[in-house]
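Reviewing the structure listed below.
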Amino acid sequence: MKGTFMASFKYDISVINTDVGKLNALSNKEINDLTIETQNAGDTIDKIRELIPQLNALHRSINNLIEATATATQATLDQVIELDDDFAEILEQ
């Protein structure tokens, strides 16, 4: 399904909807705690273990950002379609 916006911009709704779906799927990826082997654990491993909660929090934040981007993209697309329909109606008048 293709549309025109203000008679000069073209967009493919199905492509945008597919990308929004991909963003939503990406934002729903599971957050898995990192597992570190306990053998030969030294200062480096201890420091890495301290970072794990921060990395998981960062992962959650990135997922939230991706989800917000998908939501905003969908809302923008909906508005463009509505404006396009309004513009077409104005042109017909």
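Can you work out the PRE-style zone for K29? Point 7 Å along Cα to Cβ, and I want the residues of region 55-78 with backbone N under 11 Å. Under 11 Å, as judged by backbone N against the label point of K29, lie 59-60, 62-63 of region 55-78. Its Cα gyration tensor gives region 43-93 an equivalent ellipsoid, and the semi-axes of that ellipsoid, as √(5λ) in whole Å with the largest first, are 49, 5, 4. From most to least packed by mean Cβ count within 10 Å, the peptides 42-52, 75-85 give 75-85, 42-52. Taking 0.36 nm per residue of sequence separation and removing the Cα-Cα distance, the T73/L91 pair yields an extension gain of 3.8 nm.
Every number in this text was worked out from the coordinates using simple rules, so none of it is lab data. Since we're looking at a predicted model, the values are computed, not measured. Here the Cβ is made from the backbone with ideal geometry for all residues, glycine too, and neighbour counts use every protein chain on show.
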